[in-house]
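Okay, so here's the structure we're looking at.
The values are calculated or read from the model by the stated rules, or taken from the named source; none is laboratory data. Computed from a predicted structure; not experimentally measured. Here the Cβ positions follow ideal geometry from the backbone for every residue, glycine too, while neighbour counts run over all protein chains shown.
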Amino acid sequence: MRILGFMTGTSLDAVDMAVLETDGEDIQAFGPCGERKLREETRDLLLVATEVARGWPRDRPAPDIFAEAARAVADEHFHAAESFLDEHSLTWSEFDLLGVHGQTVLHERPEPGRIGRTVQLLDAERLAKASGRPVAFDFRTADVAAGGQGAPLAPIYHAARARASGLAAPVAALNIGGVANITLVGEGDDLLAFDTGPGNGMIDLMLQSRGLGRFDDRGRLAAAGTVDQAVLDTFLASAYFAGPAPKSLDRYDFPLDLVEFLSAEDAAATLVAFTAEAVVKAFDLGALPAALIVCGGGRHNPQIMRALAERAPVPVKAAEDYGWRGDAIEAEAFAYLAARTARGLPISFPGTTGVKAPMTGGRIVNP
């Protein structure tokens, strides 16, 4: 199958797209990849939807803004793909399927006596009608309903990508988005995966709350700051780190007010150190890989990469060092998951989301 995969992260920066040819088991070919920045009106709407979601009681119907935002997300994906297809001389009819994650506005991990709750907004029917192609979407809901974490979902793709690169187990792939998550691939594609801690999200939120921009460009603020060890120790004392894997996070799960009294520079440096120290804790859980392969936007922050290199017990490598497309891995992953959904293959596993047995997920809507 030739599939166009899409991903939009919690940074609300862009629609990522990637073409993959796959049967949901092996990867036959990689097509072009790219991104299109979100329009400001869509980003503003999603910021409001996220705030509404965080205050949404479990016993109440979905807020009205969800439907409005879901339509906007569908339109954003369609227009992003239109320009992407035109740029690469492709047409909608060349694709068997679209794999679309949707925009996360809420993620609550399960607690004892309470299942989790996760919301990815997308009007899939609207996108299918506009594109004329079937759309695979809603990849997390079934897992959460079965008691799983609903995240991360990319691990089965990380294993396939490692096989395609001829990498021998154990392999460790780290994605740094708003939240950071790691996949540890063992012998026979045995998988352990979980959210390690914050990625870029807390740094972004800190800067945005102070009117200092959307993100720390090239890590310049963090480079000028000093880590506050007491604050870092408080972050690392969170009960989250004592809990067993697999486990998942929302980027709002750690209290940002701990760095309120710090300068922007020191806050950024401390949050970078928090991201790195949280990742290092993951290496207590299995055999050491040859390297830590870093994907996602966080690898563009030299301070995060430096902090990881200083602390990790293995070499830290950017995805490109292995021929991987670091900015496209998640879009590729949802193309791959779309193929697995179409074939009825499992997409989540006991070692990735905590479900009791491997399970299928996702839904497909036709135009």
All helices (runs of 4 or more DSSP H) inside segment 82-193 with 3 or more residues being touching an Asp or Glu at 6+ places or on another chain (Cβ under 8 Å) and either aromatic (Phe, Trp, Tyr) or within 30 Å of Ala287 (Cα to Cα) (or both):
155-164
Trp56: passes all of (1) of a type in the set (Phe, Trp, Tyr); (2) closer than 24 Å to Ile329 by Cβ; (3) assigned to a loop (DSSP other than H, G, I, E, B) but (2)
From Phe78, Phe66, residue being aromatic (Phe, Trp, Tyr), under 19 Å from Ala335 (Cβ atoms) and in a helix (DSSP H, G or I):
Phe78
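Residue-wise test of (1) in a helix (DSSP H, G or I); (2) exposed (fewer than 15 other Cβ atoms within 10 Å of the Cβ); (3) not hydrophobic (A, V, I, L, M, F, W, C); (4) not assigned by TED's automatic domain parsing to the domain that holds Leu212.
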position	(1), (2), (3), (4)
Phe235	yes, no, no, no
Glu265	yes, no, yes, no
Ala269	yes, no, no, no
Val280	yes, no, no, no
Ala287	no, yes, no, no
Val294	no, no, no, no
For the condition closer than 21 Å to His107 by Cβ, at pLDDT below 95 and in contact with a strand residue (DSSP E or B) (Cβ under 6 Å, 6 or more places away or on another chain), what is the one hit in Gly326, Gly298, Gly286?
Gly298
Filter segment 122-139 for residues that are within 16 Å of Glu76 (Cα to Cα) and aliphatic (A, V, I, L, M) and give the result.
Leu122, Ala124, Leu127, Ala128, Ala130, Val135
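Residue by residue, here is whether (1) β-branched (Val, Ile, Thr); (2) farther than 30 Å from Pro346 by Cβ; (3) surrounded by fewer than 17 Cβ atoms within 10 Å (Cβ to Cβ); (4) out of contact with any strand residue (DSSP E or B) (no Cβ under 7 Å at 6 or more places or on another chain) holds:
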{"residue": "Pro32", "(1), (2), (3), (4)": "no, no, yes, no"}
{"residue": "Lys37", "(1), (2), (3), (4)": "no, yes, yes, no"}
{"residue": "Glu51", "(1), (2), (3), (4)": "no, yes, yes, yes"}
{"residue": "Ala67", "(1), (2), (3), (4)": "no, yes, yes, yes"}
{"residue": "Val73", "(1), (2), (3), (4)": "yes, no, no, no"}
If we keep just the residues of segment 239-280 that are among the polar types (S, T, N, Q) and at pLDDT 95 or above, which is nearest to Ala151 (Cα to Cα)?
Thr275
Matching entry among Asp204, Asp228 (being of a type in the set (Asp, Glu) and free of Cβ contacts under 8 Å to residues at least 60 places away in the same chain)
Asp228
Does at least one position in segment 247-256 carry a residue that is among the aliphatic types (A, V, I, L, M) and either more than 30 Å from Leu191 (Cα to Cα) or not assigned by TED's automatic domain parsing to the domain that holds Leu174 (or both)?
yes
Looking at the structure I just gave you, is Ala245 farther than 24 Å from Phe349 by Cα and either aliphatic (A, V, I, L, M) or surrounded by fewer than 17 Cβ atoms within 10 Å (Cβ to Cβ) (or both)?
no
